[in-house]
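This report concerns only the one structure given below.
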Amino acid sequence: MTLEFKLSDEEVELLPTDEDVAFYNEHGWYLSKKLLTDDETDELVNASERYYAGERDRSLPEAPPRLAYWDPSKGDVQRHNDYVHYEHDGLAKILRKPLIGAVAARLAQTDEIRIFQSTLIYKPPISGEPSNLVPWHFDKHYWSSSSSDRMLTAFIPFHDCPPEMGTITMVDGSHRWAEIGSDDTVVRHFAERDRSQLDQMLAENAAYNNVEVTRLPITIPRGHVNFHHCRTYHGSGANVTDRPRRAISLHLQDGANRYREYPLTDGTLAAYNHDVLVRRTSAGHPDYADPDYCPTLWADR
C-alpha cells in the first residue's frame, strides 16, 4: 500500500526555505518555525503524564539490551523512555504529524522520512542532579549499523526551552568534521561512558580538524523544533529553573537507510535495539523499514 501525505497551504509556509537548508548544511542544525500548536504541546504534556502513570496502548514484546526505560523506582533523576511512539498512541498521534517529517525531508534532501526511535525525556528541576548533564556526543556513533549519513533528530520541547532549563546545545558545524580514529567504545550510549572521555573525544576531534569548539545553547520557543544532523556533536546542561524540562528526541531516518554489518574489533557486529524487535528482510537482516517500529512519517512520491 502506498501511503499519501499532504500538507495544508499554511503548513507549506512552515517548511524550511532554500536558505534554511543551506544553513543546516553548513551548521548541522536548524531551528524550525512553529510546527506544533499550543493544543498539541499541551497534549504532549498530558499524554506524557498518563504514560508516566503507567498508561500503555501496547508494550514491547521483549526488552532490547540497551533500552532506556525510566520507572518510578529509579527516583527523581533525568528520565529517558524509548519507543514511546510505539507504546503510546496519544504521544504517537502528535509525533507522527506529517509536517515534522516534511521539514526533516527538506533538510535531509530526501523524499521519505521514517521514524527511527523516539525518547521521552524529563529533566527534573534539580540544579545539582548529575543525571541532568548530557555529555558531548553525536548520534551516528550509536547508529553504526545504519547505512545512512542523512539521519537526523528532531528535539521537541513541550514548552519554551531556554538555556537555564538545560536546553539542547549544538557544537556548531561539527557534522562537517573529519573524524579522528576512534575505538569501539563510540558505539556505546553516553550514559554508559565516562564524561571526561567524551570531553576529550570532542577536543581531539576539533584539534584534528584545526577548528575551535563553538557551543550554542538553542533557545527553543514553544511549538518550535530543533533539528540536528546525525554527526553534529551536542549535549545539554543543568536545569536550574523551578520547572521540569519536558521533551522528546524524535530520531529520524531517510528512506534509503538500511541495516549494514559493522564489525567491531572483538569480532561481533554493532547492533541497535531494533535488531531484536523488527521483522527480517529476505536476506535475514533487521528491517529498519518495519512499519510497526519505524513507521513512515513523510513520503513525497
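Values quoted throughout were computed directly from the atomic coordinates according to the rules given, and no laboratory measurement underlies them. Computed from a prediction, not measured in an experiment: that's the story for all the values here. Neighbour counts run over all protein chains shown; Cβ positions are idealised from the backbone, glycine included.
Looking at the range 242-301, which of its residues are aromatic (Phe, Trp, Tyr) and either farther than 30 Å from Val77 by Cα or part of a strand (DSSP E or B) (or both)? Step through it out loud before you land on a result.
Restricting attention to the range 242-301, the residues satisfying the condition of being aromatic (Phe, Trp, Tyr) are 259, 262, 272, 288, 293, 298.
Those that are aromatic (Phe, Trp, Tyr) and either farther than 30 Å from Val77 by Cα or part of a strand (DSSP E or B) (or both): Tyr259, Tyr262, Tyr288, Trp298.
Within the range 217-240, track down each residue that is small (Gly, Ala, Ser) and either under 25 Å from Glu40 (Cα atoms) or in a loop (DSSP other than H, G, I, E, B) (or both).
The answer is Gly223, Ser236, Gly237, Ala238.
Screening the range 170-181 for residues that are in contact with a His (Cβ under 7 Å, 6 or more places away or on another chain) and either in a helix (DSSP H, G or I) or not β-branched (Val, Ile, Thr) (or both) and picking the one that is surrounded by the most Cβ atoms within 10 Å (Cβ to Cβ) gives Met170. Here Val45 fulfils each of the conditions (1) touching a strand residue (DSSP E or B) at 6+ places or on another chain (Cβ under 8 Å); (2) buried (at least 22 other Cβ atoms within 10 Å of the Cβ) apart from (2).
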